[in-house]
Amino acid sequence: MKRGIQFNFQQQLSRRTVLRGAGISLAMPWLTAMAPAFGANQATSPPRRFVAMTLGLGLHAESLFPKVGGKVYEASPYLAGIQNIRNDFTVISGTSHPGVSGGHRAEASLLSAAPMSSAAASRNTVSLDQLLAKYLGHHTRFPSLTLSLSGSNSPSYTENGSMIPAEESPARLFARLFLSDSPAEQKKQIARAREGRSVMDLVAEDARALQSQLGRGDRDRLDSYFTSVRELERRLKDTEAWANRPKPQVDISKPIDIGNPNDFIGRQRLMSDMVRLALATDSSRFITLHLGGSGGVLPIEGVDEGYHNLSHHGQDDEKLRQLALVEKEIVRAWGDFLRGLKETDDHGGNLLEHTSVLLTSNLGNASSHDNKNMPVLFAGGGFRHGQHLAFNRGKNYPLPNLYLSVLQRTGMEVEKFATSTGTMTGLEVA
């Protein structure tokens, strides 16, 4: 039986709702608030979503990747625990980001694929999730959610290469998603949005006055600036509109944050539950969760050495044995997240069908800080799965091709992302 997230809105919006103002009529996108709480017939296409879960310490390749490619592969030790959903995910080996090296430093390029190395200064660019949020994020209260298990580091970057700090508390995230703001707080949010809009109006007015004094090159740059101003104004308007709308109500209590910083798997599972709730209530469609890598000893039977130290195993048998215990649980928890999405109804299907879910790391070999042969598990999103796409582990296939496939499947008409050379070979739409 599929799991139904029970939630409701304090008021329902008509499908024909139109926003009007300043001579503009804007048709509203589909919102959960436009539907009854329990299963009306939906004629609209289901929204497409994207979730990236990223690891700071990789996954041991020999234990993760099957020995042969194709659909008829024998499950590796790490995949054995999720074989009952085998047809819902694809294993991808032999991929990496072209021009990216630098070990841990390459974590910044994980979702942007911006070339960088430890030898030279480099500038990051927009990450996959933030590109989606920029063009499609206005359909939800939160254009994107940037989360982590510990600390503020994230793989999410703006177009100017600035990292977006992550939220690490499931309790705070739950409050943002589902607990109603007080009238005073709502007024503050609206005031901040309006103040920002008025500043943008003044700045844009001053900038327009300069146009007659500028040469062609400067006018082009000014046009680009105006585009940015309009984009910011649109986001500020969205902020004001959402501040006046009720939040979804869920029949789940606010979670209690896990106090043990070394309970990596417990934290992964708890935050994954919050991600599923955010998707199920259409609070956000583009979410990153940086799992990172704990330095302490995880509370797993048979493990008595720190996770970070185990990742630097140097092919030591005992370290590899303990590392396998940790990483099997990480993959198992990821599989349970997929099952939760699959059991959640969504527009006549389920959330997993409509959500592309990525698990990866910038480190293909954490022990040697190698950024080649990145671990990649990819699920859902309406693609054909149940296979191992085995590319050349000596001459890697560009992973940005997968990102381009995600962008196009999610609804963006783009032909390139970062260093992509096309969509991913062998990954077909179902």
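The values are calculated or read from the model by the stated rules, or taken from the named source; none is laboratory data. Predicted, not measured: the structure shown is a model, and the values here were computed from it. Using ideal geometry, Cβ is built from the backbone for each residue, glycine included, and neighbour counts are taken over all protein chains shown.
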Checklist entry - Do you know which of the residues in segment 52-88 that are part of a loop (DSSP other than H, G, I, E, B) and of a type in the set (D, E, K, R) is nearest to GLY295 (Cα to Cα)? => result LYS67
Item to check | Members of segment 394-411 found to be in a loop (DSSP other than H, G, I, E, B), surrounded by fewer than 17 Cβ atoms within 10 Å (Cβ to Cβ) and modelled with pLDDT of 95 or more, listed by number | outcome: GLY394, LYS395
Next on the checklist: Between LEU358, LEU351, which is closer than 17 Å to THR95 by Cβ and either surrounded by 21 or more Cβ atoms within 10 Å (Cβ to Cβ) or over 17 Å from the mean Cα position of the chain (by Cα) (or both)?
Outcome noted: LEU358
Checklist entry - Got a sec? Which of LEU338, LEU389 is within 30 Å of SER118 (Cα to Cα) and either assigned by TED's automatic domain parsing to the domain that holds SER156 or modelled with pLDDT of 95 or more (or both)? => result LEU389
Item to check | Conditions (1) polar (S, T, N, Q); (2) farther than 26 Å from SER76 by Cα; (3) not in a loop (DSSP other than H, G, I, E, B); number of the one not met by ASN309 | outcome: (2)
Checklist entry - Within segment 359-371, is there a residue that is at pLDDT 95 or above, out of contact with any Cys (no Cβ under 8 Å at 6 or more places or on another chain) and charged (D, E, K, R)? => result no
Next on the checklist: Would you confirm whether or not segment 80-91 contains a residue that is touching a residue at least 40 places away in the same chain (Cβ under 8 Å), in contact with a His (Cβ under 7 Å, 6 or more places away or on another chain) and more than 27 Å from GLN408 (Cβ to Cβ)?
Outcome noted: no
Checklist outcome for this item: How many residues of segment 156-202 are modelled with pLDDT under 65 and in contact with a Pro (Cβ under 8 Å, 6 or more places away or on another chain)? The answer is 0
Checklist entry - In segment 362-380, which residues are under 20 Å from the mean Cα position of the chain (by Cα) and either of a type in the set (Asp, Glu) or in a strand (DSSP E or B) (or both)? => result VAL376, LEU377, PHE378, ALA379, GLY380
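Conditions (1) in contact (Cβ under 8 Å) with a residue 60 or more places away in the chain; (2) touching a strand residue (DSSP E or B) at 6+ places or on another chain (Cβ under 9 Å); (3) over 19 Å from ALA113 (Cα atoms), marked per residue:
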position: LYS372; (1), (2), (3): yes, yes, no
position: ALA379; (1), (2), (3): yes, yes, yes
position: THR410; (1), (2), (3): yes, yes, no
position: LYS416; (1), (2), (3): no, no, no
